[in-house]
Structure formats: structure tokens, C-alpha cells
Amino acid sequence: MPELPEVETVARGLQLAVAGRRIVSVTLRKTDFMDDPSAIERELPGRQIARVDRFGKFMLLRLVAERAGDEQEASSQALLVHLGMTGNLAPHFAEQPLDKHTHATFVLDDGRELRYTDARRFGRMAYLAGETLAAELLKFGADPLEVTAEEFSRRIGGSRARIKALLLDQTVLRGVGNIYADESLWSARIHPAKSGAKLKPEKLERLRTALQKILSKAIQMRGSSISDFVDAEGRPGDYQQHHRAYGREGKKCFRCGRAIKRIIVAGRSSYFCPGCQAAPRDRAGVRRKTKRKGRGRTSKR
DNA sequence: CTCGATCCCTGGACGC
DNA sequence: TGCGTCCAGGGATCGA
């Protein structure tokens, strides 16, 4: 589950490994997670990967045309890549066999191949340029590592939605996912079902600093590998060893010793300590997980 | 505005 | 061994 720290880790690895390389050719396989596959096939060959940035949970491969003076130099162009749950983007030697779920191969000018693999195809890939790119990026909220106290307070404290839903909402903050939401709430001693608007200023600030500290530490440790996350060099992260709440149902809270509980908030498993993270008095947001029935897909449309 | 439900997708865990 | 079922989860979408 690549979230901000994992995506940052992959982006940094790619920046070192492929920035400056030119894309020679593109081969696509399954394309149902791509915005416009033909645009990727058409626009990428001949372009150079100028640099690799992270934007929320996205990676942006910034592209430039080969020849300076080309009219397209004027507008920005990028390949936007979201890793979803199981996505991976990494350079390979051409002779390495293809992974079963390789959906895109970008042959580079040094003979290596940048390959995108994604078993579940929850990821996203899009070639965007100019105004379209700018408009896409504008949809997302503040970067949690950069967000000021004032902006955090406005975005989180200004909504009555549950704090867990707010942290996961990419239009509020970009880059936080389930793991780091739970870890920061545990750290700040806030129950996931608490309303954002009901958080006192000092709680809000405790949450912001906890979130930033946790994300920074996780980046230092190259992310959390809880399913099969590996970075651009194929190396897993180490931050999962530092999880205090996420995935620890039934285990003792590192602060108070009570058993960590798991509930569903905002449709996601939410791990918290019932001793340290007091349930909101009023609301009924603490509902037990409801059993889901009727898994059947009908027809596809 | 905020909510839950449903769908997308596959692999892994588990029960039988 | 193998089949059925459940679950994981980011995000889009829809109706309440």
C-alpha cells in the first residue's frame, strides 16, 4: 500500500536511476487503468525524463522534448503514475524476464527498461500536459509535510466529518493513507471517529506534528512493507517495525497496555487504542464492522 | 455536506 | 489438491 513515504521512496530511487534518460519506445499490455493509453504510446517515445517528483501518492515523471526549441518545451508534460495497492515502477535490464503483471514497458536509451507492474490494477497512469496537468494537480489538497498550522486547522478543523475520513481524503491532504492515518491518530491520542471540527486547537496541532514526524521517519526508513511493497531497487522498507496501531489488533498498546481494537471508519479498517484514544461521546460513528453480503458482480458496464 | 454501499482487481489466508 | 469464501484497500460514483 504505497502511501506518501513509499511513493517518496520510489520517486527518489527513480530520480537517481532514470532521470536524464530518454524513452525510446513504449509497449503497453493491459490498459484499463490508464486514462488514455494511446496518448502514452504517442507522446512518450523520444521524450526525456527530466526528473521524477512525488505529488501526494502520485509520481510525476516530468518529460521534456528531445530537441531544445521544440514548441512543446513551452508547456509542461508529465507521466502521472499512481501505484494503487500493488503497483511498482522500476528499471530492469532488458534480459530480465517480465513479471506476470507487467502492463507497461518503457525502453530507455541506455538499453534498460522502466517497467510498471500492478497485479490488482488499482493504480493509474496518464500522460498529461499543460493546462490539463495543472488542472489535475489542483484537485488535491495540501502536502502533509508542508502544511502550516493555519492551513491544517482550516482544512481539518473546518469539517464535521470524522477525522479518519478527513485524513484519507486526498482533496484535504494529499498522500496520507490508512497506515499513516492510524499511526498519527494513535500518536496524537485521537479516536478515528472523532469529528474534525470538535478537535481543540492543541489537539489539531498535536496531530499535525505527529503526522509530519511519522511521515518523515517513515521516509527515512524507506516506507512500510506490509504486503509486498518494494522500492525502485527492489528493496522493502522498514517502517512496519515501528507501527504502533496499524495491523496490531489484539496486541498491547505500547503506551497503556490495553488491547488495540479494530473498527471500520470511513469504510476502512481503523486500528486504535481504546485506552488512549477516547471515543467521541455523542456520535454513533463507532459502529461495529458490518457484515457484507452479496459479493456477486452482476454485469459489467 | 456527509454518509454508506458498491464496484474495480487479484492474491493470500482459511475452512472444508 | 482444490474449490469457495472472505479480506485487503485507494478511489470513483451513486443514492440517501
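The values are calculated or read from the model by the stated rules, or taken from the named source; none is laboratory data. Everything numeric here is computed off the predicted structure, so don't read it as measured data. Cβ coordinates were reconstructed from backbone atoms using ideal geometry, including for glycine residues, and neighbour counts include every protein chain displayed.
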> Across region A:158-190, what is the total count of residues that are under 23 Å from A:Gly223 (Cβ atoms) and assigned to a loop (DSSP other than H, G, I, E, B)?
Replying inline: 7
>> Six or more apart or on different chains, Cβ atoms under 7 Å: show the pairs whose first residue is in region A:33-56 and assigned to a loop (DSSP other than H, G, I, E, B) and whose second is β-branched (Val, Ile, Thr) and at pLDDT below 95.
In response: A:Arg47/A:Val64
>> For region A:138-187, give me the residue count where each residue is away from DNA strand B (no atom under 14 Å from the Cβ), without any contact (Cβ under 8 Å) to a residue 40 or more places away in the chain and surrounded by fewer than 22 Cβ atoms within 10 Å (Cβ to Cβ).
In response: 7
> Quick one: would you say A:Ala193 is outside the structural domain of A:Ile49 (by TED's automatic domain parsing), within 14 Å of DNA strand B (Cβ to nearest atom) and either in a loop (DSSP other than H, G, I, E, B) or surrounded by fewer than 20 Cβ atoms within 10 Å (Cβ to Cβ) (or both)?
Replying inline: yes
>> I want to confirm something. Restricting to region A:120-137 and keeping residues that are assigned to a strand (DSSP E or B) and within 16 Å of DNA strand C (Cβ to nearest atom), which single residue is surrounded by the fewest Cβ atoms within 10 Å (Cβ to Cβ)?
In response: A:Arg124
> What number of residues in region A:120-174 are within 18 Å of A:Phe58 (Cα to Cα) and of a type outside the set (Asp, Glu)?
Replying inline: 31
> Within the group A:Phe140, A:Phe106, A:Phe93, which residue is within 16 Å of DNA strand C (Cβ to nearest atom) and of a type outside the set (D, E, K, R)?
Replying inline: A:Phe140
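From the list A:Thr209, A:Thr117, which residue is in a strand (DSSP E or B) and either within 16 Å of DNA strand C (Cβ to nearest atom) or over 21 Å from A:Ala266 (Cβ atoms) (or both)?
From the options A:Thr209, A:Thr117, the qualifying one is A:Thr117.
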